[in-house]
Structures are given as structure tokens and as C-alpha cells.
Amino acid sequence: MKVTIVGAGAVGASCAEYVAIKNFASEVVLLDIKEGYAEGKAMDLMQTATLNGFDTKISGSTNDYSKTANSDIAVITSGIPRKPGMTREELIGINAGIVKEVSANLIKHSPDVTLIVVSNPMDTMTYLVHKTTGLPKNKIIGMGGALDSARFKFRLSEALECPPSDVDGMVIGGHSDTGMVPLTRLATRNSVPVSAFLDSDRLDQVSEDTKVGGATLTKLLGTSAWYAPGAAVSGLVQAIACDQKKMFPCSALLEGEFGLNDLCIGVPVILGKNGIEKIVEIELNDAEKNKMKESAEGVKKTNGLLDV
């Protein structure tokens, strides 16, 4: 199992670390355009192998895509990160060109690769990959909902004053501050609806805190977060690599599901060896349907800025 991660910055390197520590991949290749950067990150990570007990080989390359040949899964984190006050949508002009070039180079050397798109604006970059690569739609996955859901569950556990492992919940919709749809109605604590513990005002606050989770961290850190995004990507990679058939909310190309067409947006999917094995159409109430529709309109508006 060979995994390539393009972009050896904070998110890419964190993803490589988590993949290696989980010890399911034989090889991880880090690639970056900055001279020596990926090689340095790879060497640093390999020097933790005996300390963290993994045997995954991590190597780095400066923009040499031949080193990525025969990758089973490739993660695209390339692009500029958000700066304080910058929206994900403002990144589109720069990152679209980068993602288009990176995906073409990856497929050239690994025609059967499954691509996981992390670059922002993520739903639109995932749509771009669908429109420009010719890969089967199950082989193109946008990472957003897995991260947003992790943040949602953290906020729920905080409100409930309980361990995070007690909590289950999911965020669908667009991966943006206004597009997320945290499904508070379906969230549970050990199978008990969280509404049994928290009133509607507190749940609304949890929902709003989840939506601005990325922006909150950008304000505190001065750049985008990396630990949780890296962990979220590694979870998707493992589900595919190990054929786990796990359910994650991911950005997938919709063709009528949830009443939506011709866009990529976060919905529950089953991930396995074929990438997206199935889109799970859960029953939404009217309020959730309306929020999903608004989110989709926002994503389509951003997609309209693409030159495809």
C-alpha cells in the first residue's frame, strides 16, 4: 500500500505522521515544490519510527512525480493556507491552478489512484478534479465533513461535559463557515439523543461554534489548523487502504442524491477499497433540507468562479 501526500506543510506532514503511526501503509511519499522541504520532513518523521513503533517507509521528493508512481491513494493538500480574515472562497484563483496541475501529474504516474482533496475551497477543488481528470467519480473524495464532524463532536462533548468517545454526530453540507449543516437532531451520547441533555439554545451554540471551528483556529494560530485536518485525512486513507467500509461525511459528486446535481458537497459515504463505495441518503427534516439547499447554492456560486 503506497500513499502519496502532495504538500509537505503542516497538514500534509501531520497526515503522513498519523498514517505512519497507524502502520497500515508500506510506503508514504511526501512531495513538495520547496527544495529539500519534503525530504527534510520525511527524514524527521523516519527518525521517530523506532520511538513510535512503525515500519512504514517515509520518503520525500522535491516536485519529482515519478517518485509517486503506482500510488494506491494520493492526498492533495497543495495550495496556500488561509490567512486571518481570509475566507476559503478567496483562495480559489490560486489554488485551482495548483490542484489541476497536481492531479494531472499524479494520474500520469498512477492512473488507478484514488484522490483525496484537502485544498480549499475544498468542495470546489473536488469538483474541479472531477471536471478535469476523467477519473471515475468513486475515486475522487473531498475531505471536509470528517474534520467538521470531529470538531462538532468535540464541541458536543465540551457542552455535555463528557468524554469525546461518548459522543457521535455528523456534519454534512459545504465545507465553509456558512455552508456546514451540523445534524444536532441526530447527534447522540451513547445512543441517547443529545437533546435529552442540552436545550435548544445550547445546541444552537454548539452548531455555530462548529461552523466557525476553522476560522477560530486561524485567528488563534495565525494560519490554518493542522493536527485535526491531518488526523481526518489519515482516517479516510485508512478506511480506503484497509477496506473498512466506514461511514464518513465526505465531499462527493452528486447526481440526484439529496435532490442535488452537478456539484460536490459533504454527504455520508461508505469508504472502502474502491473509494466511495456508496452514498448514504439519510432522511432529513424540512429545516435540514433547506439548510442543505442553501449550502449547495453557496457551493455552486463558488464553482461558477472556476475556469473549466
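The values are calculated or read from the model by the stated rules, or taken from the named source; none is laboratory data. Please read these numbers as outputs of a predicted model, since none were measured by experiment. For neighbour counting, all protein chains shown are included, and Cβ atoms are generated from backbone atoms with ideal geometry for every residue, glycine included.
Can you say whether ASN70 is surrounded by fewer than 16 Cβ atoms within 10 Å (Cβ to Cβ), over 26 Å from GLY275 (Cβ atoms) and touching a helix residue (DSSP H, G or I) at 6+ places or on another chain (Cβ under 8 Å), as far as the supplied structure shows? In short, no.
When you go through SER157, SER165 one by one, which is the residue that is in contact with a Pro (Cβ under 8 Å, 6 or more places away or on another chain) and either free of Cβ contacts under 8 Å to residues at least 40 places away in the same chain or not in a loop (DSSP other than H, G, I, E, B) (or both)? Full working, then the answer.
On the way: SER165 fails: in contact with a Pro (Cβ under 8 Å, 6 or more places away or on another chain).
Matching residue, one of SER157, SER165: SER157.
Out of the residues in the range 50-64 that are surrounded by 13 or more Cβ atoms within 10 Å (Cβ to Cβ) and among the hydrophobic types (A, V, I, L, M, F, W, C), which is nearest to the chain's Cα centre (by Cα)? The qualifying residue nearest to the chain's Cα centre (by Cα) is ILE58.
Before we move on, is VAL102 part of a helix (DSSP H, G or I), over 16 Å from the mean Cα position of the chain (by Cα) and crowded, with 20+ Cβ neighbours inside 10 Å? Outline the logic, then answer.
Numbers: part of a helix (DSSP H, G or I): yes; over 16 Å from the mean Cα position of the chain (by Cα): yes; crowded, with 20+ Cβ neighbours inside 10 Å: yes.
In short, yes.
Can you name every residue in the range 123-174 that is among the acidic types (Asp, Glu) and at pLDDT below 95?
Scanning the range 123-174 gives no hits.
Take THR178 and decide whether it is under 24 Å from ALA287 (Cβ atoms), loosely packed, with under 15 Cβ neighbours inside 10 Å and touching a residue at least 12 places away in the same chain (Cβ under 8 Å). When the stated conditions are applied, THR178 passes them. Scanning the range 152-165 for residues that are touching a Leu at 6+ places or on another chain (Cβ under 9 Å) and either aliphatic (A, V, I, L, M) or buried (at least 16 other Cβ atoms within 10 Å of the Cβ) (or both) returns PHE152, LEU156, ALA159, LEU160.
Among the numbered conditions (1) within 17 Å of the chain's Cα centre (by Cα); (2) outside any loop (DSSP other than H, G, I, E, B), the only one that ARG185 does not meet is (1).
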